[in-house]
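To start, the structure under review is shown below, and the notes come after it.
The values are calculated or read from the model by the stated rules, or taken from the named source; none is laboratory data. Predicted model, so just to flag it, every value in this text is computed and none were measured. Positions of Cβ are backbone-derived with ideal geometry, glycine not excepted, and every protein chain shown enters the neighbour counts. Accessible surface areas use protein heavy atoms only, side chains included; no ligands, DNA or RNA. Shrake-Rupley method; radii C 1.70, N 1.55, O 1.52, S 1.80 Å.
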Amino acid sequence: MLKFEIKKIVTRPVNCLVLLVLAVALVALSALTVTSVQYETEDGRTLYGVGAARRLQEDRKEWTGYLTPDVLKKALAENAAVNASPQAQSEDVNEQNKAFAKKQGFSDLTDLISQAYSPFREYDYYRVDSVTAEDLDSFYGKRTESLKTWLASGEEDFSPNEQEFLLARFQALDDRQPWYYEYCEGWKALLQDVSTCILVVALITGILVAGVFSEEFQLRADAVYFSSRYGRTKAVRAKMGAGFLVTTLVYWGSVLVYSLAVLALLGWDGAGCPLQFMEWRTTYNLTLFQTWILMLAGGYVGTLFSVTVAMVISAKTHSTVAAAVTPFVILCALPFLSRILPLPWICSFFPDQLMQIAVIIHDVSVCELGGKVMGIAEVILPLYLAVSLVLWPVLYRMYQRSAVK
């Protein structure tokens, strides 16, 4: 029965077209992600994609290793030397681009320095030009120091427990210094765009399973279906199993193919680099690889939740269209409420946030529940997973008791 229900899903003409659209979308998204990597050559040309990644990888080999103050001071000195060159001082844009090309090997490090010595909620690209070598001796304490200054300013309303939580998170990463650095452009590009891939896969998966519980009613076969021996028991479980397996296989197959394609083309290096290389002020002390796992897990829970609700709608209304639209409403329409409702705290717990773990990681967002402070991602993942699991027996009972018309 299970194989039969899965075969019904994947062989429907509409679903075959949808799967083709998904394949094309994955190719297009992979190409866009890969070409987002740029490299300026010494003669002023701009390379994109694989060629740019290879050149960046080669330039940054010299800087691979632990970021001690001495390494940061070396990057600072290199940056100052380039700034003092005739090309950098020229008013000709092409000459300035040639000067910038000489910085690409250590630009990640100078960017970290600029972020460290900028105010907590600001970023000054040129801040590195006014930092001294002596300042860099305190580099690893600047995140916590700037956070303390920001919390003391009263710009944000955090409870004492939340402030203690934030400071503890920041200090925990400071205690693990020095950080390890290597070329990680592939992981950066992947993490910047994987949310789009996850959303596309979730919406398409919703279309694929939309007809699982409504097809018999549309074909006027419900009387035969429910009068059969297993029509209200094994057959219902087979439909549920088919919906779950198709959702799981399509989701993980799609996001893994996309991720592996991007990393194969841009490079696997840098998986163990701290997330702070991308998000300096994040409260999550994760590596780039761990962040990718978190984003994919969030996307899967969000997809599973939206698809489960869609199947409930399908079982209740016997409408494939209503079920197919449900994931779009949950994952795309709900975000607009955050622009209407003056309650951003509540909007932070909407299911669409599971598709935007990158945004949660970027923001300094925490919540306090029962005296325990946690990050938003640490709340919504188990919350919507639990809700999804609760909906499965509801779905079973609802379809099992469907009346024949």
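With respect to the conditions (1) at pLDDT below 90; (2) within 20 Å of Tyr284 (Cα to Cα); (3) out of contact with any helix residue (DSSP H, G or I) (no Cβ under 6 Å at 6 or more places or on another chain), Ile360 falls short on a single one, namely (3).
Pick from Val364, Val307, Val329: which is open to solvent by 10 Å² or more (accessible area, probe 1.4 Å), out of contact with any His (no Cβ under 8 Å at 6 or more places or on another chain) and assigned to a helix (DSSP H, G or I)? Walk me through how you get there before you give the answer.
On the way: Val364 fails: assigned to a helix (DSSP H, G or I); Val307 fails: open to solvent by 10 Å² or more (accessible area, probe 1.4 Å).
Only one candidate qualifies: Val329.
Residue count for region 72-119 satisfying the condition of being in contact (Cβ under 8 Å) with a residue 40 or more places away in the chain and crowded, with 17+ Cβ neighbours inside 10 Å: 17. Among the residues of this structure, Thr64 does not count as one that is free of Cβ contacts under 8 Å to residues at least 40 places away in the same chain and either among the β-branched types (Val, Ile, Thr) or closer than 25 Å to His362 by Cβ (or both).
For region 216-242, the tally of residues that are open to solvent by less than 40 Å² (accessible area, probe 1.4 Å), at pLDDT 60 or above and out of contact with any Phe, Trp or Tyr (no Cβ under 8 Å at 6 or more places or on another chain) stands at 2. Pairing each residue of region 130-157 that is open to solvent by 60 Å² or more (accessible area, probe 1.4 Å) with any residue that is of a type in the set (S, T, N, Q), provided the two are 6+ apart or on different chains, yields C-beta distances under 8 Å for Glu145/Ser138.
Number of residues in region 41-62 that are farther than 15 Å from Trp268 by Cα and among the charged types (D, E, K, R) equals 5.
Scanning region 159-185 for residues that are surrounded by 17 or more Cβ atoms within 10 Å (Cβ to Cβ), farther than 30 Å from Thr35 by Cβ and among the hydrophobic types (A, V, I, L, M, F, W, C) yields Phe165, Leu166, Phe170, Leu173. For residues that are out of contact with any Pro (no Cβ under 9 Å at 6 or more places or on another chain) and over 21 Å from Gln290 (Cβ atoms), scanning just region 345-361, find the one that is surrounded by the most Cβ atoms within 10 Å (Cβ to Cβ). In this case the residue turns out to be Pro351.
Within region 20-58, the set of residues being under 29 Å from the mean Cα position of the chain (by Cα) and open to solvent by 60 Å² or more (accessible area, probe 1.4 Å) comprises Leu20, Val21, Val24, Val27, Leu32, Thr35, Gln38, Tyr48, Arg54, Arg55, Glu58.
Reported count of residues in region 262-309, each being within 27 Å of Leu385 (Cβ to Cβ), out of contact with any Leu (no Cβ under 8 Å at 6 or more places or on another chain), of a type in the set (Phe, Trp, Tyr) and in contact (Cβ under 8 Å) with a residue 60 or more places away in the chain, is 1. I'd like to know if region 175-197 contains one or more residues that are in contact with a His (Cβ under 9 Å, 6 or more places away or on another chain), modelled with pLDDT under 90 and not hydroxyl-bearing (Ser, Thr, Tyr). The answer is no; no qualifying residue exists. Scanning region 59-71 for residues that are over 12 Å from Tyr181 (Cα atoms) and open to solvent by 100 Å² or more (accessible area, probe 1.4 Å) turns up just one, Asp70.
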